[in-house]
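Encoded as structure tokens, the structure appears first; notes follow it.
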Amino acid sequence: MRVVVMGCGRVGANLAVKLQVAGHDVSIIDRDPTAFRRLPDDFGGTTVKGVGFDQEVLRRAGVEGADAFAAVSSGDNSNIIAARVARETFHVPKVVARIYDAKRAAVYERLGIPTVATVPWTTDRFISALGEADADEVAWTEPAGEVAIVRLTVHESWVGTSVTLFQENTGSRVSFINRLGLPLLPGPKAVLQQDDQVFVAALVDNLEKVRSVAAGVAPETD
């Protein structure tokens, strides 16, 4: 997997190293060349000096062939601009932005860009954000075999849709969401984000319909 990381601070450097050790092709961008000193001498990835939302800098980092992009610099504005450029200009399939201001995160959710607060990042969380886990896994079935909790494959068109509307259309109840490796109990105003792993409770006899609706295109709303 080809991954571009923007920001070679403590978080970015640690993420880049772990991804590279895991066998991924990694490029890391930072405007300060001294930041690359955080990387070990045997780092096998590519370092690129420049502003992480500059298109030419991103091209030099290999964003045009990237499978994923992580904006983890120390600035919210830089992270969200870079994330949008990666997604909207270069069409990188998986984009994640680190956001310090929790109030801004709700706005970016509506743009369909997954965010993570200032908690310690791990490679596992990033891989989780890439949506590589097996889909439609039955997590639990009650003893009578009538109700199950299942992880759904959710079509990208549901991104930005309220959990309430998702439940109404699928005939299920969202039990919890795995967002970037962190469990989330959705509130009444919660919306689905890109790469969310959605776990729902549903009648076993209704699972085929639930899966079909979730995997299909979301209905248009006024």
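The values are calculated or read from the model by the stated rules, or taken from the named source; none is laboratory data. Everything numeric in this text was worked out from a predicted model, so none of it was measured. Methodologically, a virtual Cβ is constructed for each residue, glycine included, from the backbone with ideal geometry; neighbour enumeration extends over all protein chains shown.
Below, the figures for the structure above:
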item: Out of 43, 53, 69, sole residue that is of a type in the set (Phe, Trp, Tyr) and touching a Ser or Thr at 6+ places or on another chain (Cβ under 7 Å); result: 53
item: Count of residues meeting criterion [among the acidic types (Asp, Glu), over 13 Å from residue 4 (Cα atoms), in contact (Cβ under 8 Å) with a residue 24 or more places away in the chain and in a loop (DSSP other than H, G, I, E, B)] in region 54-94; result: 0
item: Scope region 30-52; condition in a loop (DSSP other than H, G, I, E, B) and not β-branched (Val, Ile, Thr); matching residues; result: 31, 32, 39, 40, 41, 42, 43, 44, 45, 50, 52
item: Answer residue from region 191-215, given it is of a type in the set (Gly, Ala, Ser) and either crowded, with 20+ Cβ neighbours inside 10 Å or farther than 22 Å from residue 95 by Cα (or both) and is farthest from the chain's Cα centre (by Cα) among those; result: 202
item: Those strands (runs of 3 or more DSSP E) lying entirely in region 118-186 with at least 2 residues among the aromatic types (Phe, Trp, Tyr), over 29 Å from residue 67 (Cα atoms) and modelled with pLDDT under 90; result: none
item: Residue within region 2-16 that is part of a strand (DSSP E or B) and over 17 Å from residue 84 (Cβ atoms) present; result: yes
item: Some residue of region 77-94 being of a type in the set (S, T, N, Q) and surrounded by 17 or more Cβ atoms within 10 Å (Cβ to Cβ); result: yes
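The rows are residues; the columns are (1) modelled with pLDDT of 95 or more; (2) hydrophobic (A, V, I, L, M, F, W, C); (3) closer than 21 Å to residue 88 by Cα.
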{"site": "1", "(1), (2), (3)": "no, yes, yes"}
{"site": "10", "(1), (2), (3)": "no, no, no"}
{"site": "14", "(1), (2), (3)": "no, no, no"}
{"site": "21", "(1), (2), (3)": "no, yes, no"}
{"site": "28", "(1), (2), (3)": "yes, yes, yes"}
{"site": "36", "(1), (2), (3)": "yes, yes, no"}
{"site": "44", "(1), (2), (3)": "no, no, no"}
{"site": "49", "(1), (2), (3)": "yes, no, no"}
{"site": "61", "(1), (2), (3)": "yes, yes, yes"}
